[in-house]
Amino acid sequence: MLMAAPSQKLPNRIPMVGIAVLFMIVGMYSSFTCADEINWPELTVHGFGTLGATHSSQDDVDYVGNFFQPDGAGYSETVAFSVDSKLGLQLNAKINDRLSAVIQMVSQYQYDGSYDPRTEWAFFSYDLTPAFTIRVGRIVAPTFMESETRLVGYTYPWMRPPQELYDVNPITNKDGIDFMYQRASGETIHTLQASYGSTFKRFSGNSEADVSNALHLVYGLQYRATSLRVSYTSMDLDIRSPFFNDLFDGFRDFGANTPGAAGQQASYIDNQFRSDDSEYTIFALGASHSVGNWLIRGEWTSTDINRATFVSDLTAWYFTAGYRLGSVMPFVTVAHVKPDKLSTPDIPLNGLSTAQAQTAMALNANLDIPVNAFAFHQESITAGLRWDALDRVALKVQLQHLRTESGSGSSGRLVNPRPSFEPGDSANLLSLSMDFVF
Amino acid sequence: MVSLVMRIRIILTSILIGLSSFSVSAEVAVIVSMENPLTTITRAQLVNIFLGRSSTFPGGGRALPVDQLDANEQRQDFYNENVGWSAAQLKAHWSKIIFTGRGQPPKQLENDDAVEEFILSNPRGIGYIQKGNASVNVKIVDIVP
C-alpha cells in the first residue's frame, strides 16, 4: 500500500507542469460539480511550489536538498534545480462542521531520480470539541518547528529549513493517528499533540527504512509574538540496504567460521550493528520571537539510539535573525550538527591466518564506511534575503558557507564524495528561488 | 538598475505612507452577535482568533471570524492596528495554516454590510466594520489592553 508496485508506477520524470494542470483540472471539476449541492463536501484546492537553482563551489561532492535525493549541486550538476524545486497540491474537503479530509500530493526530486508525485498527507480530521481534534490517516511527523510546512518555501524566510537540524529527522510523515488539544489561558495558547504511527521510506542505492512505533509528543506555547515548542520523538528504526546486508553477512560468516576471540567479536558486531529495530529518540526545543521588525528563532535537538549501531547520536542547532524592511527581509543563519561518534569495534587480528587477517581487515575497513557516513558533522553560516515581490510570490537568494569537519571521516550532509574530497573541505552554495502559493 | 539609496528611499517612503494612513484611518469596530455574551476582548485574544491560532472565544465556544476583502481599507486598518503585519506577512501566515491542513482563512466578505449580515445569521460570528456603520442589531466589543 505504501509503495506503488513497479507496474503501477507512473512514468519517470513527468513534467511538473503536467501534474499541476492535471490537479487544477481535477480541482476545477470538483468545485464545478459541487457548486450549489448542499450535501456535498465543500472542496478547496490549494497549491504551493518552489522553483530553485543551486550552485556549489565544491566539485568533489554533491549538495542535496534532503536525505532522499541521490545527487545534487557540485559534482553531479553545475547548477542543480533538483535541490529545492517542488510542487504540492492540497485538496481540503469540509464534510461538515466537525469532519474534514485533507489530501496533499507532492512532486519533488526523490531517491530514484524522479519527480514522481507522492501522497504526503491523506487524513480525516474530526473535532471532538472545538479544542480537541483527532486525525487519522497519513499525517505529519511533527518533530521540529517547521515540520508541518517544511515543504512550503513561501512560509519561511530561508531557501530551505537549516539542514543541519532538519535532516536529523528527514521523515516528514507517517500513517497513524494524531490527537491535538488546544487551550487558551488569558492571552497564552497551549497546544498538546500526541501521535502514533509507522512508515516506510526508500533512499537512493536501494536502501530503505522501516519505521514502526513512531510516537511524537509535542507541547507548544504561543504568547503574543513569542512561541516555544518542546517535542519528543521515538521510533523503532530498521535501516536496510544491499551494502549493509553484504557487510553484516560478512561479519556473520566470519564469526561462524573462525574460532576464538576474533570470531566472537565478528559475531558480536553482526548482532549489534545491523540496525534491526533500534529504538531512536529525538528531543527537540524551538523558540521564535519577533520584536519590532526583528525576527529571531532557533532550535536545538539531540538524538539517542538505544544500542550500538552504525548510526551515531547527534546534537544539532541553528539560530536565525532577520530584519524586515517593508517587503524585503535579509537574514543570517548559523547552524551546526555534531555526532557523538562511536568508537568502532574491530575484529582483532592476532592469531589469525594470513587469509583470515585479510578478510578481517577488509571487514573492519568496510564497517568504517557506514559509521562515518552516519556521523554527520558540519557547520554553516548563511546570509540570505527574501523579497515578497508579488502577491503570493516570494523571491529568495542565499549564500551559504558550509564546512565539514577535518579528521571526522564525515562529509557532513554532502553526498557522493569523490576520492579527492577530504573531510574538512568546505563548500560555498549560491541558491536562487521563487516560492509561490495559490 | 535602481541605486541602493533610491531603494532605501522607496522603502522608507512606503513605511511612512503606511504609518500616515494608519494615523488618519477611520475607527474600526469589532462586532459580534447580540446572542454572544462577549463584551470585551484583549487585543491578543482578538489577534489569536483572527490569525487562526485559537478557534474559541475567551469565555469558550467556537468562534467564527469573518474577514473583509484585501483591498478594503477596513481590513488594512484592522490588521495594522491589531497585528502590525503587512498583507504579505498575513499571506505567509495563512499559507502556513492552510498547508498544515489545520484550517482555512476566514471568509472574506465584500463590505461592512455583508459582515453585519453574516454576524446576524451566525451567532458564533465575529467581524470588524467601520464604527459608524454598526447598526443596533449587532454588539460592539471593546478591545481592552
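Here is how the numbers come out for the structure above:
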| item | result |
| --- | --- |
| Kirkwood Rh and Cα Rg combined as Rg over Rh, evaluated for chain A | 0.99 |
| Cα-centre dipole for the stretch A:6-437 with unit charges at Cβ (Lys and Arg positive, Asp and Glu negative), debye to 20 | 880 |
| Listed pairs A:Lys94/B:Lys91; A:Lys338/B:Lys96; A:Lys174/B:Lys96 exceeding 23 Å between Cα atoms | A:Lys338/B:Lys96 |
| Pairwise Cα inverse-distance average, inverted: Kirkwood Rh of the stretch B:27-144 (Å) | 14.2 |
| Signed unit charges on C-beta, dipole axis of the stretch A:41-143, positive-most listed residue A:Gln104, A:Phe123, A:Gly72 | A:Phe123 |
| Furthest towards positive pole of dipole, A:Leu432, A:Ala389, A:Ser420, structure part the stretch A:368-438, Cβ charges | A:Ala389 |
| Global geometry of the stretch A:373-438, whether rounded, prolate or oblate, following the gyration tensor of its Cα atoms and the 1.5 cut on a/c | prolate |
| Distance between modelled label sites at A:Phe132 and A:Ala256, nm, 7 Å Cα→Cβ extension | 5.4 |
| 0 to 90° range, to nearest 10: angle between helix A:242-257 axis and chain A longest Cα axis | 30 |
| Descending Cα extents along the principal axes, the stretch A:57-200, whole Å | 55, 32, 26 |
| Tensor-based shape of the stretch A:201-260 (alpha-carbon gyration tensor, a/c under 1.5 rounded, otherwise prolate or oblate) | prolate |
| Whether the stretch A:282-438 is rounded, prolate or oblate, judged on the alpha carbon gyration tensor where a/c under 1.5 counts as rounded | prolate |
| Ellipsoid semi-axes in whole angstrom, largest first, where each is sqrt(5λ) of the Cα gyration tensor of the stretch A:270-340 | 38, 11, 8 |
| Farthest toward positive dipole pole in the protein assembly as shown [+1 Lys/Arg, -1 Asp/Glu at C-beta], among B:Pro58, A:Thr354, A:Thr233 | B:Pro58 |
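Quick note: the coordinates plus some simple rules give every number you see, no bench work behind them. Source: prediction; values computed, not measured. Note that each Cβ is placed from the backbone with ideal geometry, even for glycine, and that neighbours are counted across all protein chains shown.
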